[in-house]
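See structure below.
The values are calculated or read from the model by the stated rules, or taken from the named source; none is laboratory data. None of these values were measured; they are calculated from a predicted model. Here the Cβ is made from the backbone with ideal geometry for all residues, glycine too, and neighbour counts use every protein chain on show. Keep in mind that these areas ignore ligands, DNA and RNA; they rest on the heavy atoms of the full protein, side chains included. Shrake-Rupley method; radii C 1.70, N 1.55, O 1.52, S 1.80 Å.
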Amino acid sequence: MSAAEGSAGPTSFCGLELAHPIINASGTFDAIAARRAFGDEVLERFPFSAYVSKTITPAPRAGNPPPRLWEEPAAMVNSIGLPNKGAAGFLEADLPALAELPVPLIVSVMATSAEEFAGLVEPVATREEVAAVELNVSCPNVHSGLIVGEQPSETEALMGELRPLTAKPLIVKLTPNIAAPASVAAAAEAGGADAVSLINTLKSRPMLAGRPWLGAGSGGLSGPAVRVVALQQVTDVAAAVSIPVVGMGGVEHGSHARDLLDAGASLVAVGTASFRDPLAGSRVSGRRAGALPAGAVATRLAIPVLTAGSGGP
Ligand code: RRO
């Protein structure tokens, strides 16, 4: 069954009217690079009903040392480490291009303190091109990237700082790497969050010949293997909050999206599946029609296009 069946038509989310409930997971679909590679057809058949940017930080970052990827059975480990142009670079270079997408834009942000978060959220949320902001308090690949999102009191305090800065929706991206994500979700809601999204990746440590493979030592696991983890955590979180939940983790088919919607999610994000198939989102939403865009003849060839390109500083 595709997610287009049942309750998967036009969807209201935090005041945004979306054509359907399938969006992308931050950092898994580079819309600027995809348009460069495949042309305006990407806009005409955009796979998602809203677009979430790769996470940006206040200052430019080069990302983690290579290797940055590892393949597991039914899963992938990434240790990308947040390469990005920084807030000023993003607003100047990427925002105009992302504003041309045919769907609302959600900008994902991450910082290491409440003050830094505030300095990022304010200029981003002020821009009319930005429909909502996702607060990434769950990156497993950056020192201190997880701390705020691991403790309910820290999450609530952060929301206390950020909530007064904008009336636009604030979505808190939760970590799966704690015993009780529902407690952080409840704290986010208490602090004024409009929605929560989960799961980010599961902290992992691939080994090869007795040594850690990844340049940074550890990374984050995603893909089909984590789907059942996501289903459990989305179920728990949806039962603990009354704000909308964006569910993600290993979604490859419409039935997977349906399961997350049934677990209590309002929207479902497609992540790792887009690396193999840039139109995975359309397949999941049941809106895939016709052939792949010219240039996407072998979908595996699209992987560098989706992972490189506009993300770096
Ligand atoms: O850039 C990354 O390494 C990264 C981020 Br910001 C995140 O939130 N989750 C992830 O698995 N990787």
Expressed as a rounded percentage, what relative contact order does the chain have, with Cα pairs under 8 Å and six or more residues apart?
24 percent
Residue by residue through the stretch 28-39, the couplings from Karplus 6.51 cos²θ - 1.76 cosθ + 1.60 with θ = phi - 60°, in Hz, x for Gly and Pro, are 10, 8, 8, 5, 5, 5, 5, 5, 4, 7, 10, x
Counting pairs of alpha carbon atoms under 8 Å apart in space and at least six apart in sequence, what relative contact order in percent does the stretch 1-86 give?
23 percent
Report P(r) for the chain: all Cα-Cα distances, bin width 10 Å, range 0 to the bin holding the largest distance, values in whole percent.
6, 30, 39, 22, 3, 0
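What does the accessible area per residue of the stretch 3-154 come to in Å², with a 1.4 Å probe and no ligands, DNA or RNA counted?
On a per-residue basis, 39 Å².
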In deg cm²/dmol, rounded to the nearest 500, the helical mean residue ellipticity at 222 nm of the chain, built from -39500 (n - 2.57) for every DSSP H run of length 4 or more, is -8000 deg cm²/dmol
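How do 181-191, 12-22, 57-67, 207-217 rank on mean C-beta neighbours within 10 Å, highest first?
Result, highest mean first: 181-191, 12-22, 57-67, 207-217.
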Inter-label distance for A59 and S242, nm, one decimal - labels placed 7 Å from Cα along Cα-to-Cβ
4.3 nm
Taking the Cα centre of the chain as origin and charging only Cβ (+1 Lys, Arg; -1 Asp, Glu), how large is the dipole, in debye to the nearest 20?
920 debye
Within the chain, what percent of beta bridges assigned by DSSP are antiparallel, to the nearest 5?
40 percent
Relative contact order, percent, the stretch 29-183 [alpha-carbon distance under 8 Å, six or more residues apart]:
20 percent
